[in-house]
Amino acid sequence: MVCSKLRIGILHARWNKTIIDNLVKGAVEKLKLLNVSEENIIIESVPGSFELPFGTKKFVDKYEKLGKPLDAVIPIGVLIKGSTMHFEYICDSVTHQLMRLNFDLGLPVIFGVLTCLTDEQAEARAGLIEGKMHNHGEDWGAAAVEMSVKFE
Ligand SMILES: O=Nc1c(NC[C@H](O)[C@H](O)[C@H](O)CO)[nH]c(=O)[nH]c1=O
């Protein structure tokens, strides 16, 4: 399939907005660089990362019903460790459920969740710290395109 015909969904959580916004920006820019049309990049949001698995299923089903099926979806979230075990439980459950959705939905569900111990780790992985790491959103955009067309 030609990349310009691909329809890619991005579903992002709204916690840690500054970091999220840069990750989404990185994913969108990479998708456009790979010739995905801007009108075929569909962006919606959910409250937090815990809502990403169920939100992803509802998101995919919605566009299926609209007759505009997605070719891949990139759930994006930023989880940062606090002083309780809340972080560990959400990271573990969200990761497993997003992995499962690849098989349940039969389309690429890219793992776009940062699970970081500090704000700085997350900022670096969103390309927000000069000279430190790169914007991981770009990697997720590239993975979404590759997995959409691979094995066709
Ligand atoms: O607590 N920290 C975080 C968080 N908590 C909210 C959770 O995902 C969910 O939205 C609520 O529990 C309501 O279900 N959500 C994040 O995306 N990142 C965090 O770092």
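The values are calculated or read from the model by the stated rules, or taken from the named source; none is laboratory data. As the structure is a prediction and not an experimental result, all values here were calculated from the model. All Cβ positions, even for glycine, are placed from backbone atoms using ideal geometry, and neighbour counts span all protein chains on display. Heavy atoms of the whole protein, side chains included, go into the accessibility calculation; ligands, DNA and RNA do not. Shrake-Rupley method; radii C 1.70, N 1.55, O 1.52, S 1.80 Å.
Name the shape class, rounded, prolate or oblate, that the alpha-carbon gyration tensor gives for region 11-80, where a ≥ b ≥ c are the square roots of its eigenvalues, rounded holds for a/c under 1.5, and otherwise prolate holds if a/b is larger than b/c and oblate otherwise. Oblate shape, in that a/c is at least 1.5 and b/c is the bigger or equal ratio. In plain terms, the C-alpha convex hull of the chain casts an average shadow of 8.6 nm² when viewed from every direction. Shape of region 83-126 from the C-alpha gyration tensor: oblate (a/c of 1.5 or more and a/b not above b/c, with a ≥ b ≥ c the square roots of its eigenvalues). Projecting the Cα positions of H134, L98, G55 onto the charge dipole of the chain (unit charges on Cβ atoms of Lys, Arg, Asp and Glu, taken about the Cα centre) puts G55 furthest along the positive direction.
For the peptides 66-73, 122-129, residues were scored by their other Cβ atoms within 10 Å and the scores averaged per peptide; the highest-first order is 122-129, 66-73. Carbon-plus-sulfur accessible fraction, region 57-152 (probe radius 1.4 Å, protein heavy atoms only): 56%.
Net charge within 14 Å of G127 by Cβ-Cβ distance, Lys/Arg positive one each and Asp/Glu negative one each, not counting G127 itself? With Lys, Arg at +1 and Asp, Glu at -1, the net is -3. For the chain, the solvent-accessible area with a 1.4 angstrom probe is 54 square angstrom per residue. Every helix of 4 or more DSSP H residues in the chain counts as -39500 (n - 2.57), and over all residues that averages to -15500 deg cm²/dmol at 222 nm. The count of lysine pairs in the chain with alpha-carbon distances below 18 Å, taking only pairs 8 or more places apart or on different chains, stands at 11. For region 89-152, just say rounded, prolate or oblate: build the C-alpha gyration tensor, square-root its eigenvalues into a ≥ b ≥ c, call rounded for a/c under 1.5, and beyond that prolate if a/b exceeds b/c, oblate if not. Oblate is the answer for region 89-152, as a/c is 1.5 or above yet b/c matches or exceeds a/b.
For region 82-152, chymotrypsin sites (Phe, Trp or Tyr not before Pro) meeting the loop criterion (DSSP other than H, G, I, E, B) and having at most 13 other Cβ atoms within 10 Å: F151.
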